[in-house]
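Please treat every number below as a calculation from the coordinates, not as lab data. All figures in this text were calculated on a predicted structure; none of them were measured in a lab. Positions of Cβ are generated from backbone atoms using ideal geometry, with glycine treated the same way; all protein chains shown enter the neighbour counts.
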Amino acid sequence: MTDRPPLPPFTRATAAQKVQAAEDAWNTRDPEKVALAYSEDSVWRNRDLFLTGRAEIVAFLTDKWRRELDYALRKELWAFDDNRIAVRFQYEWHDTHGQWWRSYGNELWEFDRHGLMTRREASINDVPIAEHERRIHGPRPDSERGRPLPLR
């Protein structure tokens, strides 16, 4: 099995690297690429959906990015311990009718010794926004890395 560094046990620096790597991958909107960060038998709770395994993850992400157009994400390390990381995030997207949304959420991640995520639990709320209220425009530029997310 191929390792996916950084590996647990996490330090603040390696946990932050893992979070940034996840943000970067999700901003590609490439389901196959994103799924490689998860173990073959990874289990997810995403809102009210429960998934198991990479094939279900790829199908979920494919459908997600068909609905959530121009998706752009920011993640922030919240807490970490050994092989677990807690993240808060915000992303913006618009639907097929042109309505913009900002989605706020928290994730709990658990990793195996190879650095693959074996468990992901995500709680997410969507708030409609006007296009002029957007603040997330594509992948995070290097100059904004490490900055905290505003609450609103």
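How far, in nm, would the chain grow between Asp30 and Asn106 when pulled straight, counting 0.36 nm per residue and subtracting the alpha carbon separation? Present the calculation step by step, with values, prior to reporting the outcome.
Values: separation 76, 0.36 × 76 = 27.36 nm, distance 2.14 nm.
Result for the pair: 25.2 nm of gain on full extension.
Kindly work out what percent of the DSSP beta bridges joining two residues of the chain are antiparallel, to the nearest 5.
Working: 37 of 42 bridges.
Once the DSSP bridges in the chain are tallied, antiparallel ones form about 90 percent.
Enumerate by residue number the trypsin sites (Lys or Arg not before Pro) in region 13-119 meeting two conditions: DSSP loop (anything except H, G, I, E, B), and at most 15 other Cβ atoms within 10 Å of the site's Cβ. Walk me through the intermediate numbers first.
Working: sites: Lys18, Arg29, Lys33, Arg45, Arg47, Arg54, Lys64, Arg66, Arg67, Arg74, Lys75, Arg84, Arg88, Arg102, Arg113, Arg119; in loops: Arg29, Arg47, Arg113.
Sites meeting the loop and neighbour criteria: Arg47, Arg113.
Hull surface divided by four, with the convex hull built on the Cα atoms of region 60-99: how many nm²?
Numbers: hull surface 14.4 nm².
Its average projected convex-hull area is 3.6 nm².
For Gly115, which sequence-distant residues (separation of 5 or more, or a different chain) have an amide H within less than 5 Å of its own amide H, given hydrogens modelled in the peptide plane?
Arg4
Provide, as a two-decimal number, the C-alpha radius of gyration of region 67-134 over 2.2 N^0.38 Å, N being how many residues it has.
On the way: Rg = 14.4 Å, N = 68, 2.2 N^0.38 = 10.9 Å.
Working it through for region 67-134, the quotient is 1.32.
In debye, nearest 20, what is the charge dipole magnitude of the chain about its Cα centre with +1 on Lys and Arg Cβ and -1 on Asp and Glu Cβ, if you could check?
Numbers: 25 positive and 26 negative charges, 70 e Å.
It comes to approximately 340 debye.
In sequence order, what are the phi-derived ³J(HN,Hα) couplings for region 96-105 according to the Karplus relation 6.51 cos²θ - 1.76 cosθ + 1.60 with θ = phi - 60°, rounded to whole Hz, with x for glycine and proline?
5, 8, x, 6, 8, 9, 10, 10, 10, x
Can you run phi through the Karplus equation (6.51, -1.76, 1.60; θ = phi - 60°) for region 115-130 and list ³J(HN,Hα) in whole Hz, with x for Gly and Pro?
Computed from phi, the couplings for region 115-130 are x, 8, 6, 9, 8, 9, 10, 10, 10, 9, 10, 9, 10, x, 9, 7 Hz.
Can you give the alpha-carbon Rg of the chain over 2.2 N^0.38 Å, where N counts its residues? All intermediate terms of the calculation are to be shown ahead of the outcome.
Working: Rg = 15.0 Å, N = 152, 2.2 N^0.38 = 14.8 Å.
Compactness ratio reported: 1.01.
Near Glu76, within a Cβ-to-Cβ distance under 10 Å, what is the net charge of the other residues, with Lys and Arg +1 and Asp and Glu -1?
Numbers: positive: Arg74, Lys75, Arg88, Arg147; negative: Glu23.
Charge balance near Glu76 sits at +3.
In debye, nearest 20, what is the charge dipole magnitude of region 85-130 about its Cα centre with +1 on Lys and Arg Cβ and -1 on Asp and Glu Cβ, if you could check?
On the way: 5 positive and 7 negative charges, 28 e Å.
Roughly 140 debye, rounded to the nearest 20.
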